[in-house]
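The values are calculated or read from the model by the stated rules, or taken from the named source; none is laboratory data. Bear in mind that the values here come from a model prediction, so they are computed numbers and not experimental data. Cβ placement follows ideal geometry from the backbone for every residue including glycine, while neighbour counts extend to all protein chains displayed.
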Amino acid sequence: MNPLAEPSKLFSRFADDAGTDGAARDRFQMLVTDLVKVKHPDAATVEGPGNRDWGIDTFIGQLAGGDIRIWQSKFVLEWQDKTPQSQVRSSLQSALKQAAEHKHTISAWTLVVPCVLAPDQMKWFKGWVKKQSGSGVAIDMWDGTELRHQLLNRDAIHVRREYFPHTVAPDGAPSPHPAPRSERVAMTEDMSQFETALFVRQLREAGHVETDSACAHYFATDALIRDYEAKGQDDAVASMSELQLEVHDVWERHFNQERASTSADGLIPNLLHLVLDDVAKCDNPPGLYLARAHKKGTTHRLVEQQKAGWVTHWRGVVAEHLTATATPRNTAPIPPTEASDSPAARVNAEMSGAARENAADVIDTDTTANSVEVP
């Protein structure tokens, strides 16, 4: 069994194994579809007579007048000059033209290439993406490094075995580097405990009516961190703080990119799923092996801590929430009870302290929803 090589070597062998350029392109598209299906089992491909595919390689969503996300595969082994640029431009334009003709909407378009771009070409791509902001489409890229990273995920081991069998131990054979067990995901059936939580308020402000999954993710992550704190595992707590910094960076990047598609009432339609998809793929922090639920829960903890939200006026939502949950300044906080160890009680306890004390100050300092400055 060989290790997974760096992208240029990995996909050069991929091309050699396919035999012809056409076969390599087709097999690469199958690889991309299979990787997308790891996270989105309903992902599909389309192909009509004469290879007419409406500018779609792999997609999820509803083609019949609905919203779709596209992964566009380009088997480009080297991107050191501007040669591939025209292919990228024409692929997006074709997809947009077909979307207008067949009356579906493209919410996200991801270019997938097996190579690593030269610095000036990555600069071009980022600039080109910025120029497309008026289209309302969230544009991203999976390059060779991202593909290799996804192949290393244990959830994708079947994909790796199919396309790169020389890098995987045979079925039934012990792996020389067994994956460590991920942290246990704590469960709760009582979602009502989060009814007054800020992260739930932010989700509903963004139009997300069903929030049970978000509450479950929040509970799992909060329980894990409280367990680390109770056991005095300071390194683990520090690692979770490092993960939160990474999650904040993911949210901030997507928030800034998606503002171009903001509706008049401040909604950002694609923000939540883009952030959670990327957060689920974050590397594990030092010394920990987390489930995806813990990473997604970290996102909701970030929102609960008043550091993020899902609408342009999220700071205004924070201010309104603090006002609604604040106690009068001359009222002593209610002493904790035996149930105060629950996540919801912990949130309330925190709010009865500094957060509640600051609520009036937040409102007093020009904090109407329409006047809050967005990052």
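Data for the structure
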| quantity | calculated |
| --- | --- |
| Residue in the stretch 136-144 that is more than 21 Å from the chain's Cα centre (by Cα), of a type outside the set (Phe, Trp, Tyr), surrounded by fewer than 17 Cβ atoms within 10 Å (Cβ to Cβ) and more than 26 Å from Asp34 (Cα to Cα) present | no |
| Conditions (1) of a type outside the set (Phe, Trp, Tyr); (2) surrounded by fewer than 18 Cβ atoms within 10 Å (Cβ to Cβ); (3) touching a helix residue (DSSP H, G or I) at 6+ places or on another chain (Cβ under 7 Å); number of the one not met by Ala44 | (3) |
| Boolean, Lys82 is within 26 Å of Val129 (Cα to Cα), of a type outside the set (Gly, Ala, Ser) and either at pLDDT below 90 or not assigned by TED's automatic domain parsing to the domain that holds Arg148 (or both) | no |
| Ala108 touching a Lys or Arg at 6+ places or on another chain (Cβ under 6 Å), touching a residue at least 40 places away in the same chain (Cβ under 8 Å), crowded, with 20+ Cβ neighbours inside 10 Å and of a type in the set (A, V, I, L, M) | yes |
| Every pair of residues 6+ apart whose Cβ atoms lie under 6 Å, when the first sits in the stretch 4-18 and is more than 15 Å from Arg160 (Cβ to Cβ) and assigned by TED's automatic domain parsing to the domain that holds Trp79 while the second is at pLDDT 85 or above and assigned to a helix (DSSP H, G or I) | Ala15/Ala24; Ala18/Ala24; Ala18/Arg27 |
| Residue within the stretch 62-72 that is assigned to a loop (DSSP other than H, G, I, E, B) and under 20 Å from the mean Cα position of the chain (by Cα) present | no |
| Residue list for the stretch 259-293, filter: over 13 Å from the mean Cα position of the chain (by Cα) and of a type outside the set (A, V, I, L, M, F, W, C) | Arg259, Ser261, Thr262, Ser263, Asp265, Gly266, Pro269, Asn284, Pro285, Pro286, Gly287, Tyr289 |
| Residue check for Leu77: more than 26 Å from the chain's Cα centre (by Cα) and in the same structural domain as Ala43 (by TED's automatic domain parsing) | yes |
| Cβ-Cβ under 6 Å pairs, at least 6 apart or on other chains, the stretch 136-155 side assigned by TED's automatic domain parsing to the domain that holds Cys282 and at positive phi, far side surrounded by 18 or more Cβ atoms within 10 Å (Cβ to Cβ) and assigned to a loop (DSSP other than H, G, I, E, B) | none |
| Matching residues, the stretch 266-282, being in a loop (DSSP other than H, G, I, E, B) and free of Cβ contacts under 8 Å to residues at least 40 places away in the same chain | Cys282 |
| Per-region count, the stretch 1-32, residues charged (D, E, K, R) and touching a His at 6+ places or on another chain (Cβ under 9 Å) | 1 |
